[in-house]
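The values are calculated or read from the model by the stated rules, or taken from the named source; none is laboratory data. Quick caveat, the model's predicted, so the values are computed rather than measured. Neighbour counts run over all protein chains shown; Cβ positions are idealised from the backbone, glycine included.
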Amino acid sequence: MNSYSLDYIDDLYVQYLRDPASVSDSWRDYFEQFLVASNHSVLSKSKASLRAKSPAGATVGSTSSSEPNDASIRNGAGPRSGAGPRSSASPRSGASPRSGAGSRNGTGSRSGSTGDELTDQALWMSRIQDRVNQLVREYRVRGHLVAQLDPLGMFKHESPELSPTLYGLSDQDLQRPLNSSALENVTGSTLNVILTKLQNTYCRSIGAQFMHIDNRNIRDWLQRRMETTENRLELSHQVQRRIYARLADASIFEEFVRRKFVGAKTFSLEGAETLIPLLDLALEKAGQHQVQEVVMGMAHRGRLNVMANILKKRAMNIFWSFNDPTPELNRGGGDVRYHLGYSSDWETAAGKKIHISLCFNPSHLEYVNTVAMGRCRCKQDHRGDTKRQEVMTFLIHGDASFAGEGVVQETLNLSELDAYRTGGTLHVIINNQVGFTTEPKQGRSSTYATDIAKMLQIPIFHVNGEDPEAVAQVVSVAMDFRKEFHRDVVIDLYAYRRWGHNEGDEPRFTQPRMYANIDRRASVRIQYLNRLMELGEITAEEAEEIARERTEKLESEFEASKNVAFLPDTQTLAANWTQYYGGPEPTESTDTTFDKEHLSKLLDSVTRMPDGFAMNKKLKRPLALRREMAEEKRPLDWASAEAAAFATLMVQGHPIRMTGQDVQRGTFSQRHAVLHSVKTGETYIPLANLGKDQARFELYNSPLSEAGVLGFEYGYSLDQPNGLCVWEAQFGDFWNCAQVIVDQFIASAEDKWNRLSGLVMLLPHGFEGQGPEHCSARLERFLAMAAEHNIQVVQPTTPAQYFHCLRRQVIRKWRKPLVILSPKSLLRHPLAVSPLVDLSSGGFEKILVDSEVKLPEAKRLLLCTGKIYYDLLERRNESEVRNVAIHRIEQLYPLSYDEVAATMEGLRDGTEIFWVQDEPTNMGAWSYIKLKFGDDFSSKYSFSCVSRDESASPSTGSMGAHKMEQAELMEAAFAGI
Ligand SMILES: Cc1ncc(C[n+]2csc(CCOP(=O)(O)OP(=O)(O)O)c2C)c(N)n1
Ligand SMILES: [Mg+2]
């Protein structure tokens, strides 16, 4: 019988002890006969006996169904008899002292009773060590469950796996000296000592989850950091006082605001004031790590406090906003004080400057996450920070929203992707254990609010917010982890919410017991002060002085804010935005032309690849055709015009970044901007190889996400006025998964926050019989949210129009989000082509006027936008109609009546104008056109609409029905002609 057979019998024995019925009859008889009253000596004897007399028919060492698995041991029914042997699920090599025992490799004596006893003794010691190893491992895996995390004591979990008795370790064993190299920095201690160290490390105020990380080096690094220090920092006198001062900043600010602005909404931080020293310490660490800039994203909770105490926004500005003295300036615009952004410089204790930018934030929780990350990435790109260590993101979350909002998963998923990597975000959860009135047990199915973060290979540190020194340790390990591994890290700050959700809210309606508990608690400032006084680090008088000084300062800021002449600090755009502007669209046109010869060369060069590059054969033809386009032997198609726009912008110094699902090839196999060698799999990007003077070209396939990715690109665009930042939806229909980013940021940021963006959204759109979800980019929704020149909504119908539109977006200094309804079938439509000269000359036209039928001869004018133009044109050509003019509206917004009227000159009064659209009446542009121009049109002409009947879904799922409907539209458009 070998050692593994013994292990097997051990396992069976454990199983038998838990449930005698779970082992076979023969093994049960055997255990009953020999081991029922087991203890060490009995075991020793019994093992010798076991070797001699295993029951007939039992296949020792096999993996029979009675073999217990890891889970069955862990889920065991509580402590077992102290001496019971156990086959450990822990590694059978490594720290186990077996190799030295001799018995396992056959060198020990196995014959004769004395030799047997000795061997058994060694075996037994080895097995104890195995169990200790297992116990140590369980502490690393589950210690957090019994850690003292929750100031209110509500988070209660048991972990029987942490009981030594589960591993057959008796009280006697606790006193034995052990080889416990399994625990960092400990050798030759007793189990008792080891247990104390384990509990200190993993079960005090810090609960660390890190054993889900697959990479052993990372786990070892974390273990070392925590176990060698028992998860505590030795804090200097100065740091302790600094922590106290930051707590005083936090709590005195809250108390002051509550006293002065009774009942006003502040979303107080009280109960979680440790956030302020936490951020303070994180910034200190960031300074040590040579971080130059921090981009912060956070929601309402504690935001005013962070503004005052971290961003150092002068309190007078915050107080001024409570008074709301100039409502007339904010009619229809602006935002509430707890959503505003701010930026400032932070100076660390060592004198390092860090620029902090707190992002403007809508009420919609968690959506700011990827916006902040996008900004961080762009700032890194500007600095040439290829290691992504000079700029980092801090994201502060609520417990309910982190667990509940799906965009959190999208956020985390971006963190390790080439297109979105920012070198590691610090996530902090203000875990006040409630979301408005909803408790964790109603709000999440997971143990922790942070469990979604376990999808990443990163540690999650839960920490009791009432233990600021534990928080200091966690910040130190977390920030060093990020520095070392360039990955995200999560700190779950366990706290509570001293008041209601906001200051007008009564939390005792719904959380009476929790609030009875909260009411009894002294603030963390007072608790920490008491501790420091006990340690003799600070006197009551000194503490009093710190508090008095802060209150006085706030008092003087308060007085200043009441001065009628006071004007608050409204920050203007950052320095790199000085040449750019928002507001109404400029009336002057933009020169988007480009030298024809150069254009031709650039277009040709994007068809070339390095010698020997083995391109897919099927791409040869499209590239050959493009070469002919460059030579003006054929007109350009859509994708070539796009490549031309990109190339010309980049050689003029404008960087381009584009992401979206499958954008490298293009959803419709039209772009092929990244070529793959069929021999080596290597890729080649012609647009990134135009010449050494070109600006950066980045084109990334995104994960299957809309909200997260669009948020990221929007964030990127906030810091990149000089470039083209493009997000393409797979089909236009899917942007509604990112509705929040469009509504809350893209469409309204300038109005609310005076922040500009030149982001481009490419939304494939077109009714082509592909069913309800592949036809409509929901033009009507963009038009409904279009106001005050907030966005541009464009539907170009020729490659040249697309080319000029993209170039205009960067060349003019007016920065405005651009929504392009891009085509699908037009990508290859024989009529949707443009000669090279239309790109090298001309410019973008808001309305394309009929070049064949002149208005004075028109009996009817068809107004339309997008692909339906070509359907109408074909129908007109087929039926040889000569008296119906067709105008295409290429830019739906901004568009004034004057601009439209200018294209109608010559149209006789009373002429019929039909707005023709493929969309059902309740969708598309009809409602917008009618509302905006209907009265003017109707006063002079006969104005009506041709469209599909109103419908709940955009289109039919039947190709046959689609064709019938399309034919009816054409009939109606030309009826009576
Ligand atoms: C997307 C979204 N849904 C709902 C709300 C309304 N709301 C505001 S705060 C809040 C509770 C947030 O709880 P938590 O994330 O724990 O933050 P806390 O307020 O407790 O700090 C809710 C539901 C919101 N702001 N955003
Ligand atoms: Mg909460």
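So which of T422, T437 is in contact (Cβ under 8 Å) with a residue 12 or more places away in the chain, surrounded by fewer than 20 Cβ atoms within 10 Å (Cβ to Cβ), touching a helix residue (DSSP H, G or I) at 6+ places or on another chain (Cβ under 8 Å) and β-branched (V, I, T)?
On the way: T422 fails: surrounded by fewer than 20 Cβ atoms within 10 Å (Cβ to Cβ).
Just one listed residue meets the conditions, T437.
Considering only residues of region 426-444 that are of a type in the set (S, T, N, Q) and more than 10 Å from ligand 2 (Cβ to nearest atom), which is farthest from S523 (Cα to Cα)?
As a first pass, look at region 426-444 and keep what is of a type in the set (S, T, N, Q): 431-433, 437-438, 442.
Narrowing further to those that are more than 10 Å from ligand 2 (Cβ to nearest atom): 437, 442.
Values: T437: 22, Q442: 27 Å.
So the residue we want is Q442.
Being farther than 30 Å from M964 by Cα and either buried (at least 23 other Cβ atoms within 10 Å of the Cβ) or within 16 Å of ligand 2 (Cβ to nearest atom) (or both) is the filter here; which residues of region 750-764 pass it?
Initially, region 750-764 is screened for residues farther than 30 Å from M964 by Cα, giving 750-761.
Correct list: S757, G758, L759, V760, M761.
So, E466, is that one under 26 Å from H289 (Cβ atoms) and among the charged types (D, E, K, R) or not?
no
Kindly indicate whether Q511 is within 16 Å of ligand 1 (Cβ to nearest atom), farther than 26 Å from D280 by Cα, more than 19 Å from the chain's Cα centre (by Cα) and not β-branched (V, I, T). It would help to see each step written out before you state the result.
Working: within 16 Å of ligand 1 (Cβ to nearest atom): yes; farther than 26 Å from D280 by Cα: yes; more than 19 Å from the chain's Cα centre (by Cα): yes; not β-branched (V, I, T): yes.
Judged against the criteria, Q511 is a match.
Which residues, counting only those in region 548-582, are under 30 Å from S841 (Cβ atoms) and either free of Cβ contacts under 8 Å to residues at least 60 places away in the same chain or surrounded by 12 or more Cβ atoms within 10 Å (Cβ to Cβ) (or both)? Before you say what the answer is, go through the steps one by one.
Applying the first criterion (under 30 Å from S841 (Cβ atoms)) to region 548-582 yields 579-582.
If the condition is that a residue be under 30 Å from S841 (Cβ atoms) and either free of Cβ contacts under 8 Å to residues at least 60 places away in the same chain or surrounded by 12 or more Cβ atoms within 10 Å (Cβ to Cβ) (or both), then Y580, Y581, G582 are the ones that fit.
Would you confirm whether any residue within region 783-792 is closer than 28 Å to G960 by Cα, in a loop (DSSP other than H, G, I, E, B) and under 31 Å from the mean Cα position of the chain (by Cα)? Even if it seems obvious, please write down each step before you answer.
Initially, region 783-792 is screened for residues closer than 28 Å to G960 by Cα, giving none.
No - not one qualifying residue is present in region 783-792.
Considering every residue within region 284-301, establish whether at least one is of a type in the set (A, V, I, L, M, F, W, C) and either under 21 Å from E542 (Cβ atoms) or without any contact (Cβ under 8 Å) to a residue 60 or more places away in the chain (or both). First the steps, then the outcome.
First pass over region 284-301, keeping only residues of a type in the set (A, V, I, L, M, F, W, C): 286, 291, 294-296, 298-299.
Next, from what is left, pick out any that are either under 21 Å from E542 (Cβ atoms) or without any contact (Cβ under 8 Å) to a residue 60 or more places away in the chain (or both): none.
Taking every residue of region 284-301 in turn, none turns out to be of a type in the set (A, V, I, L, M, F, W, C) and either under 21 Å from E542 (Cβ atoms) or without any contact (Cβ under 8 Å) to a residue 60 or more places away in the chain (or both).
Counting only residues that are out of contact with any Gly (no Cβ under 8 Å at 6 or more places or on another chain) and assigned to a helix (DSSP H, G or I), which one in region 378-404 is farthest from ligand 1 (Cβ to nearest atom)?
This residue is R383.
Just name the residue that is nearest to L275 (Cα to Cα) out of those in region 405-415 that are part of a loop (DSSP other than H, G, I, E, B) and within 14 Å of ligand 1 (Cβ to nearest atom). Steps first, please.
Taking region 405-415 first, the residues part of a loop (DSSP other than H, G, I, E, B) are 405-406, 415.
If we keep only those that are within 14 Å of ligand 1 (Cβ to nearest atom) too, we end up with 405-406.
On the way: E405: 22, G406: 24 Å.
Applying the filter and picking the extreme gives E405.
All but one of (1) in contact with a Ser or Thr (Cβ under 9 Å, 6 or more places away or on another chain); (2) closer than 30 Å to L573 by Cα; (3) of a type outside the set (K, R) hold for I458; state the number of the condition that does not hold.
Only one criterion in (1) in contact with a Ser or Thr (Cβ under 9 Å, 6 or more places away or on another chain); (2) closer than 30 Å to L573 by Cα; (3) of a type outside the set (K, R) is unmet by I458, namely (2).
A quick yes/no check of all residues on (1) within 36 Å of the chain's Cα centre (by Cα); (2) buried (at least 23 other Cβ atoms within 10 Å of the Cβ):
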residue: S126; (1), (2): no, no
residue: R142; (1), (2): yes, no
residue: A147; (1), (2): yes, yes
residue: P164; (1), (2): no, no
residue: Q175; (1), (2): no, no
residue: G188; (1), (2): no, no
residue: A208; (1), (2): yes, yes
residue: D220; (1), (2): yes, no
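Does Y897 satisfy the criteria of being touching a residue at least 24 places away in the same chain (Cβ under 8 Å), farther than 17 Å from K940 by Cβ and aromatic (F, W, Y)? Walk me through it before giving the result.
Working: touching a residue at least 24 places away in the same chain (Cβ under 8 Å): yes; farther than 17 Å from K940 by Cβ: no; aromatic (F, W, Y): yes.
Spelling it out, it is not the case that Y897 is touching a residue at least 24 places away in the same chain (Cβ under 8 Å), farther than 17 Å from K940 by Cβ and aromatic (F, W, Y).
For the list (1) more than 30 Å from S825 (Cβ to Cβ); (2) modelled with pLDDT under 95, I need the number of the one condition that M615 fails.
(1)
Let's see how each residue does on (1) in the same structural domain as R696 (by TED's automatic domain parsing); (2) modelled with pLDDT of 95 or more; (3) out of contact with any Asp or Glu (no Cβ under 9 Å at 6 or more places or on another chain):
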site	(1), (2), (3)
E706	yes, yes, no
Y714	yes, yes, yes
S717	yes, yes, yes
N736	yes, yes, no
Q744	yes, yes, yes
N754	yes, no, yes
L762	yes, yes, no
H765	yes, yes, no
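Being closer than 22 Å to T798 by Cα, in contact with a strand residue (DSSP E or B) (Cβ under 9 Å, 6 or more places away or on another chain) and surrounded by fewer than 16 Cβ atoms within 10 Å (Cβ to Cβ) narrows it down to one residue among R626, R671, R696, R665; which is it? First the steps, then the outcome.
On the way: R626 fails: surrounded by fewer than 16 Cβ atoms within 10 Å (Cβ to Cβ); R671 fails: surrounded by fewer than 16 Cβ atoms within 10 Å (Cβ to Cβ); R696 fails: closer than 22 Å to T798 by Cα.
It is R665.
May I ask you to verify whether R140 is at pLDDT below 85 and not assigned by TED's automatic domain parsing to the domain that holds L493? Walk me through it before giving the result.
Numbers: at pLDDT below 85: no; not assigned by TED's automatic domain parsing to the domain that holds L493: yes.
Against the criterion (at pLDDT below 85 and not assigned by TED's automatic domain parsing to the domain that holds L493), R140 does not qualify.
With respect to the numbered conditions (1) touching a residue at least 24 places away in the same chain (Cβ under 8 Å); (2) surrounded by fewer than 24 Cβ atoms within 10 Å (Cβ to Cβ); (3) part of a loop (DSSP other than H, G, I, E, B); (4) within 16 Å of ligand 1 (Cβ to nearest atom), which one is the sole condition not fulfilled by R497?
(2)
Taking the conditions exactly as written (on the phi < 0 side of the Ramachandran plot and either outside the structural domain of G732 (by TED's automatic domain parsing) or out of contact with any helix residue (DSSP H, G or I) (no Cβ under 8 Å at 6 or more places or on another chain) (or both)), does S822 satisfy them or not? Full working, then the answer.
On the way: on the phi < 0 side of the Ramachandran plot: yes; either outside the structural domain of G732 (by TED's automatic domain parsing) or out of contact with any helix residue (DSSP H, G or I) (no Cβ under 8 Å at 6 or more places or on another chain) (or both): no.
Judged against the criteria, S822 is not a match.
Taking P568 and the conditions (1) away from ligand 2 (no atom under 16 Å from the Cβ); (2) more than 32 Å from the chain's Cα centre (by Cα); (3) in a helix (DSSP H, G or I); (4) over 18 Å from A248 (Cα atoms), which numbered condition does it fall short on, given that it satisfies the others?
(3)
Tally the residues that are near ligand 1 (Cβ under 9 Å from one of its atoms) and either in a strand (DSSP E or B) or touching a strand residue (DSSP E or B) at 6+ places or on another chain (Cβ under 7 Å) (or both), restricting the search to region 416-441.
Here the count works out to 5.
Within region 445-453, is even one residue in contact (Cβ under 8 Å) with a residue 60 or more places away in the chain and within 10 Å of ligand 2 (Cβ to nearest atom)?
Among the residues of region 445-453, not one is in contact (Cβ under 8 Å) with a residue 60 or more places away in the chain and within 10 Å of ligand 2 (Cβ to nearest atom), which makes the answer no.
What about E328, is it in contact with a His (Cβ under 7 Å, 6 or more places away or on another chain) and more than 16 Å from ligand 2 (Cβ to nearest atom)? Even if it seems obvious, please write down each step before you answer.
Working: in contact with a His (Cβ under 7 Å, 6 or more places away or on another chain): no; more than 16 Å from ligand 2 (Cβ to nearest atom): yes.
Judged against the criteria, E328 is not a match.
Of the residues G423, G404, G435, G443, only one is on the phi > 0 side of the Ramachandran plot and of a type in the set (G, A, S); which? I'd like the intermediate steps shown before the answer.
Details: G404 fails: on the phi > 0 side of the Ramachandran plot; G435 fails: on the phi > 0 side of the Ramachandran plot; G443 fails: on the phi > 0 side of the Ramachandran plot.
Exactly one residue qualifies, and that residue is G423.
What are the residues in region 340-365 that are farther than 27 Å from I243 by Cα and either surrounded by fewer than 24 Cβ atoms within 10 Å (Cβ to Cβ) or among the aromatic types (F, W, Y) (or both), if any?
Pass one, region 340-365, residues farther than 27 Å from I243 by Cα: 360-365.
Matches in region 340-365: F360, P362, S363, H364, L365.
Considering F745, F731, F782, F767, which residue is touching a Pro at 6+ places or on another chain (Cβ under 6 Å) and buried (at least 19 other Cβ atoms within 10 Å of the Cβ)?
Values: F745 fails: touching a Pro at 6+ places or on another chain (Cβ under 6 Å); F782 fails: touching a Pro at 6+ places or on another chain (Cβ under 6 Å); F767 fails: touching a Pro at 6+ places or on another chain (Cβ under 6 Å).
One residue alone meets the criteria, F731.
Examine region 891-903 for a residue that is outside the structural domain of R781 (by TED's automatic domain parsing), farther than 26 Å from A787 by Cα, out of contact with any strand residue (DSSP E or B) (no Cβ under 7 Å at 6 or more places or on another chain) and not in a helix (DSSP H, G or I), and state whether such a residue exists.
Of all residues in region 891-903, those outside the structural domain of R781 (by TED's automatic domain parsing) come to 891-903.
With the extra rule that they be farther than 26 Å from A787 by Cα, the set shrinks to none.
Scanning region 891-903 turns up no residue that is outside the structural domain of R781 (by TED's automatic domain parsing), farther than 26 Å from A787 by Cα, out of contact with any strand residue (DSSP E or B) (no Cβ under 7 Å at 6 or more places or on another chain) and not in a helix (DSSP H, G or I).
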